[in-house]
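Peer 1: Just passing along the structure, written as structure tokens.
The values are calculated or read from the model by the stated rules, or taken from the named source; none is laboratory data. Note that the coordinates shown come from a computational prediction; the quantities given were computed from them, not determined experimentally. Here the Cβ positions follow ideal geometry from the backbone for every residue, glycine too, while neighbour counts run over all protein chains shown. Surface accessibility is based on the protein's heavy atoms, side chains included, excluding ligands, DNA and RNA. Shrake-Rupley method; radii C 1.70, N 1.55, O 1.52, S 1.80 Å.
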Amino acid sequence: MTLALTAGIVGLPNVGKSTLFNAITKAGVEAANYPFATIDPNVGIVEVPDQRLIEITKLVKPKKTVPTAIEFTDIAGIVKGASRGEGLGNKFLSHIRQVDAICHVVRCFADGNITHVSGKVDPLSDIETINLELILADLETIDKRIGRVAKLAKSKDKDAVAELEVLEKLKAALENNQLANSVDFYDEQLPYVRNLFLLTRKKMLYVANIGEDEVVDPSDNPYLAQVRELAASQGADVVPICARLEEEIAELDDEEKAVFLEDFGLKESGLDRLIQHVYSLLGLATYFTAGEQEVRAWTFKQGMKAPQAAGIIHSDFERGFIRAETVSYQDLVTYQSMQAAKEAGRVRSEGKEYVVQDGDIMLFRFNV
């Protein structure tokens, strides 16, 4: 069971969406290192930057080091009327249904050479255009479902009555231009909500595409301030990024990249920040396996127990799980080797109920 989670990149024409996606594909991992056989041209796979992997490698000195990765899908450009099939409307909507989180690229820079689809730079209007199309598509889904459920609810079918209540609550919010993820539900109502696969229930992150001269300190950018205010009202995050600069950085090797970032006074690239944001937005964390052959990072969902985390490596590991010999990253760094950590009593033997922690270094014992 490989954990394949993907973030979709959306945006109006000329906001920098394609430039950002180019940066992602240029910085991408080789498909050969990645456990998915077929990769669509609109999918880019990038390493999740993690300093811990570098430190573990220094201590263990393996033959190879394999980072974990995350997938980004470039979603066909959206235009007004997409929910009615305008432009690549239906294709856009079907692509967006398949992603776990949405990265919404918004133009926050003025440039006379790059035309804006509506004639002026107005990030709030751009966001409204895309969110409205998503809302309209969700309303269509809900209206179709209400048509089916209302008949059953009339005949006092308990399940249908409960579902109809959920549908009507969602419909009222969407008609009021609110995203479905702003609506609160009781735990017992959530299965009905999940079964609808609504676009506006997906996790959302705004990517503010700013000018090169604002990368070090974007605080004076009035467009960015507007996006941040709107995002805060939706409980969403904003990552400021200069897509054009990221495309240049992605062409460089590690050494050149470090020099380039230092020249700009930056600790990390915007792309690295974006990847980390998406990672935490999706509730992901990393555990490591470390031996002479390889040190490898593995992505898992926070809250996973040891057997399920083991199953990410191979289904046999989950099926025949006995125990997991576990040491925290911090303890490995403190004691400088697995052996020294073991002698200090810091290597634990964890069973089936153990909830894996971010940064755990694990050796799975199994028998099939």
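Peer 1: On the basis of being buried (at least 17 other Cβ atoms within 10 Å of the Cβ) and basic (Lys, Arg), does ARG319 make the cut?
Peer 2: Considered against the rule, which asks whether it is buried (at least 17 other Cβ atoms within 10 Å of the Cβ) and basic (Lys, Arg), ARG319 comes out as no.
Peer 1: Go through region 154-179 residue by residue and tally those that are part of a helix (DSSP H, G or I) and in contact (Cβ under 8 Å) with a residue 24 or more places away in the chain.
Peer 2: First pass over region 154-179, keeping only residues part of a helix (DSSP H, G or I): 154, 158-175.
When the remaining residues are screened for being in contact (Cβ under 8 Å) with a residue 24 or more places away in the chain, the result is 162-163, 165-167, 170-171, 174-175.
So the count comes out to 9.
Peer 1: Let me ask something additional. Which number in (1) of a type in the set (A, V, I, L, M); (2) touching a residue at least 40 places away in the same chain (Cβ under 8 Å); (3) surrounded by fewer than 18 Cβ atoms within 10 Å (Cβ to Cβ) marks the one condition that ALA290 misses?
Peer 2: (3)
Listed here are the residues, each with its yes/no results for (1) modelled with pLDDT under 90; (2) open to solvent by less than 10 Å² (accessible area, probe 1.4 Å); (3) part of a helix (DSSP H, G or I); (4) not small (Gly, Ala, Ser).
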position	(1), (2), (3), (4)
GLU128	no, no, yes, yes
GLU133	yes, yes, yes, yes
ALA137	yes, yes, yes, no
ILE142	no, yes, yes, yes
ARG145	no, no, yes, yes
LEU152	no, no, yes, yes
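Peer 1: Return the residue satisfying two criteria in turn: it lies in region 244-295 and is among the aliphatic types (A, V, I, L, M) and in a strand (DSSP E or B), and of such residues it is nearest to the chain's Cα centre (by Cα).
Peer 2: LEU284
Peer 1: Given the structure, is VAL193 within 22 Å of the chain's Cα centre (by Cα) and either in a loop (DSSP other than H, G, I, E, B) or outside the structural domain of PRO222 (by the TED database) (or both)? Full working, then the answer.
Peer 2: Working: within 22 Å of the chain's Cα centre (by Cα): yes; either in a loop (DSSP other than H, G, I, E, B) or outside the structural domain of PRO222 (by the TED database) (or both): yes.
Answer is yes for this residue.
Peer 1: For region 263-287, give me the residue count where each residue is over 20 Å from GLU71 (Cβ atoms), open to solvent by 50 Å² or more (accessible area, probe 1.4 Å) and free of Cβ contacts under 8 Å to residues at least 60 places away in the same chain.
Peer 2: Final tally of qualifying residues: 4.
Peer 1: Collect the residues in region 326-355 that are under 23 Å from GLU292 (Cβ atoms), in contact (Cβ under 8 Å) with a residue 24 or more places away in the chain and touching a Phe, Trp or Tyr at 6+ places or on another chain (Cβ under 8 Å), keeping them in residue-number order. Steps first, please.
Peer 2: Going through region 326-355, the residues under 23 Å from GLU292 (Cβ atoms) turn out to be 326-344, 346-350.
The next check asks that each one be in contact (Cβ under 8 Å) with a residue 24 or more places away in the chain; those that pass are 326-330, 332-333, 336-338, 349-350.
Listed by number, the residues that qualify are THR326, TYR329.
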